[in-house]
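Below: one structure, written as structure tokens.
The values are calculated or read from the model by the stated rules, or taken from the named source; none is laboratory data. If you're wondering where the values come from, they're calculated on a predicted model, not measured in any experiment. A quick note on method: Cβ atoms are made from the backbone with ideal geometry, for glycine too, and the neighbour counts reach across all protein chains shown. These accessible areas exclude ligands, DNA and RNA; they are computed on the full protein's heavy atoms, side chains included. Shrake-Rupley method; radii C 1.70, N 1.55, O 1.52, S 1.80 Å.
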Amino acid sequence: HFVLGLSGADGRKRRERVGEVFKTLAEREAIDWGKVAVFLVEERFNVPEIDTNQHLVRSALVSTLKSRNIEYPEEQLLMPNVGLDSVIRCVTDYQTRLLNFFKTSGVEGPHLVALELGDDMSISGVFPEWYKEDPNNWADAISKSCKVLGTARGAANVQHHICVNLGIIRRARQIVVNTHESTDQAWRHVKNATDAESFARMPSPGAENRTNRSVPPSKASKSLSPAPSPALHPATLPTTPETYRRQTSFSPPNSPRRHFAPPVSPLSYVMKYKHITVVQLKVDEENYYSFIILGALGDLARKKTFPALFQLHLSGHMPASARIIGCDDPQFHGDVGSTGDMWEKRLVPYLEKETGWEQTDLRDFHSRIDYVPICISEPGSFRPLDAHIQALAKGRKQDNRICYLALPSKVFIPAIQRLREECWPSTGFSRVIVEKPFGRNREEACDLSRKLARYLEESQIYRIDHYLAKTLVLNILTLRFANREFGTLFHTYHVANVRITFQEDFGVEGRAGYFNDYGIIRDIMQNHLMQVLTLIAMEAPASLEAEDVRDEKVKVLKQIRPIRAEDCVIGQYEGYQDDPQIQTINKDRGYPSRCPTFAVAVLYLDNDRWSGVPFIMKAGKGLKNTQTTVRVQFKKVPSHSLFGEQPQNEMVIRIQPNEAIYYKMLAKMPGISQKAKDVRRTVLDLDLKKGVVGKRTPEAYEKLIYDVLQGQSHNFVRRDELEQAWRIFDPLLHQMENEEQWTPLRYPLKSGGPRAADELIMSKGFQKYTPTGVAVSGFSDDEVA
């Protein structure tokens, strides 16, 4: 057998990359896997089964082979028995089986081992901090006899590993060391520590030379070069390697044994005696990326922005050189004075709530973050930030900067002015993410846009609306335009009404002060639900390019009439006035708040496709359940048709929670007869999660920040979109806030809203049905299928 030693990695991000390497290896047709025996160079002890390296090998390598109809023999796969009750027993057991494995395979050691270099300069479980704490550990690590080691690292959270010693690694004919972006610096340190000037570069067959020069291999290096194996040749590896070896003078036989201090990395020791092939993904050495968060210590940043960036880091979608710089005013956050303070006091509690990470991932993410105090009102306070970024970007041609304004809208302009005057790059791109609210009315929105235009081009402004990145919202365009039949189905000929409903079963606790200034219409309807409406109603864009999609959305907005007073009902849940923040506001103003926590509004489009079709928006807090849905109710067949009186068909898009698309249609129930009474409403469920079981769905902020990194703006609101949306709601809002008769109707908490809203919805042609299709009247608070 050709004996192959494989190693895993710590951290989700690194493990996913190793898994991709295993899959690529398994897809190589040039490899005769019947002649390949595989053992694990390193395993993790006392971790969940899904986090073990043997799970990684089985799920990536063995499963890929199985998909190619190759049944890999179990006897050719050797792994530590991590089910044993102690590290010592596991080490002893694996050493015995490994020696027998080599003997059965007819070899004294592996033909090829693939190792992972860690950012602490460890290789595959042999950690510098472990062997430096005890001379006996280093003696075991470099023993020429085949040994299995039980190693550990970490003071607070000890991680135990089962790994082979360097003696076994030295026996390998070929050694491949995988590095990645976060270990590039570790590899440089290893080379420097082993005297980089004495390296001889030996290009492998077909390998590229990073420095465009080569040094002829020495005679010693030729004598150590392995012979090609018929089962697995270096040419089958999925990356471009480079080969390194340190020139070493050997002591004559029988000379006294010399003792050396442990090196900074076990790789340094291996390189004294063996060639290694270093494999690394292409590193972008031209671009540097800074992600600046203004307001980094506030709720939005720690609850949404940083967790989204953490997930992008975990999934490998953040550029390797990207640095995250949190900025805030220390006079409002006296407890934070350093990066460590921000990490421990603001970020860790929220990052730990994320899924799919390990301590290694947190440590790697922490290493990307800096904290720089700023004061927006103080001239010159952004210059240290600029100097810090320039120092980080030194040596790169492109200094790319993204600034996220996690700030109140009233300080947007002063913050951007400071950025432009004191912290603007001379190379690369600059992009600014602006959070809602974008003003309180059309006048304020237009004024904000004009002021932004003084400092930024429209292409540099990313007005974020996280609803546009919801999985099912992103799917609306695909549903409508990738399925040709829906082109005619979404039309006034067939559609009776469209309902867009947002419901939350909780109130405004914790944000009553902010909410009272805006209300449900500004907070939800004018932005989130209006964006969903444009996607439902728009015509097919010329392409999926950002401007083509946004052009069609603007056309829809221009065709919507301003909302009439008789087409709107507002409400306020009972108990809203009891909130302490609201009581303070009421005391200051001298009258009870008239802020709506609930609204139903009916909109109409003046175009051929949607003429006469009511679009019914409903948004509320303190309702019976929490969900957001789009419900397209189709016209009813005539009562004298073939099957008589039957319920209307519906297409439902459930945006959240439990994303789904389902089509409520008519079908004959099983049975011997075939009559109209045998027709029942059934549900055609378009389960979008089948086929992606186990795959995590990106959160909205994660998707949107990734779009900004890529320069994709189609999921962001353009200036004319914003102004047209305000045009539709402005007259209604002006009436509500200036005419006393517009007092919100009270409705019980955990109900469906005011009864008058139900009556308005029914008057526009919406019909509620039971799950079996029986028409019902009354309160339409149940939107669940």
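Key figures
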| quantity | calculated |
| --- | --- |
| Test result for Met318, part of a loop (DSSP other than H, G, I, E, B) and surrounded by 21 or more Cβ atoms within 10 Å (Cβ to Cβ) | yes |
| Residue within the stretch 104-119 that is open to solvent by less than 80 Å² (accessible area, probe 1.4 Å), part of a loop (DSSP other than H, G, I, E, B) and within 15 Å of Thr151 (Cβ to Cβ) present | yes |
| Selection from the stretch 709-731 of residues that are surrounded by fewer than 22 Cβ atoms within 10 Å (Cβ to Cβ) and of a type in the set (A, V, I, L, M) | Leu709, Ile728 |
| Qualifying positions in the stretch 604-623 - hydrophobic (A, V, I, L, M, F, W, C) and either within 19 Å of Lys635 (Cβ to Cβ) or part of a loop (DSSP other than H, G, I, E, B) (or both) | Leu605, Trp610, Val613, Phe615, Ile616 |
| Helices (runs of 4 or more DSSP H) within the stretch 324-368 that include 3 or more residues open to solvent by less than 20 Å² (accessible area, probe 1.4 Å) and touching a residue at least 24 places away in the same chain (Cβ under 8 Å) | 359-366 |
| Matching residues in the stretch 71-99 - criterion: being open to solvent by less than 50 Å² (accessible area, probe 1.4 Å), not polar (S, T, N, Q) and not in a helix (DSSP H, G or I) | Tyr72, Pro73, Leu77, Leu78, Met79, Pro80, Val82, Leu84 |
| Ala496 of a type outside the set (D, E, K, R), over 31 Å from the mean Cα position of the chain (by Cα), farther than 20 Å from Lys703 by Cβ and open to solvent by 10 Å² or more (accessible area, probe 1.4 Å) | yes |
| Count of residues meeting criterion [under 17 Å from His161 (Cβ atoms) and either touching a residue at least 40 places away in the same chain (Cβ under 8 Å) or not hydrophobic (A, V, I, L, M, F, W, C) (or both)] in the stretch 65-84 | 6 |
| Filtered residue count, the stretch 331-387, keeping only those that are closer than 27 Å to Asp184 by Cα and of a type in the set (Ser, Thr, Tyr) | 6 |
| Top-ranked residue in the stretch 265-302 [being outside any strand (DSSP E or B) and among the hydroxyl-bearing types (Ser, Thr, Tyr); ranked as surrounded by the fewest Cβ atoms within 10 Å (Cβ to Cβ)] | Tyr273 |
| Subset of the stretch 722-740 [of a type in the set (D, E, K, R) and under 15 Å from Arg440 (Cα atoms)] | Glu723, Arg727, Asp730, Glu737 |
| Search result, residues across the stretch 34-52 that are open to solvent by 80 Å² or more (accessible area, probe 1.4 Å) and under 18 Å from Leu98 (Cα atoms) | Lys35 |
| Complete set of residues in the stretch 101-119 that are within 21 Å of Gly19 (Cα to Cα) and touching a Leu at 6+ places or on another chain (Cβ under 6 Å) | Leu112, Ala114 |
| Which listed residue is of a type in the set (A, V, I, L, M, F, W, C), open to solvent by 50 Å² or more (accessible area, probe 1.4 Å), closer than 30 Å to Leu745 by Cα and not in a helix (DSSP H, G or I), from Phe506, Phe502 | Phe506 |
| Among (1) open to solvent by less than 40 Å² (accessible area, probe 1.4 Å); (2) within 25 Å of Asp730 (Cβ to Cβ) - the single one Ala546 does not satisfy | (2) |
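So that you can scan it fast, the table gives a plain yes or no per residue for (1) under 24 Å from Pro110 (Cα atoms); (2) out of contact with any His (no Cβ under 6 Å at 6 or more places or on another chain); (3) modelled with pLDDT under 90; (4) outside any loop (DSSP other than H, G, I, E, B):
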| residue | (1), (2), (3), (4) |
| --- | --- |
| Cys146 | yes, yes, yes, no |
| Leu149 | yes, yes, no, yes |
| Ile175 | yes, yes, no, yes |
| Ala186 | no, yes, yes, yes |
| Asn212 | no, yes, yes, no |
| Ala220 | yes, yes, yes, yes |
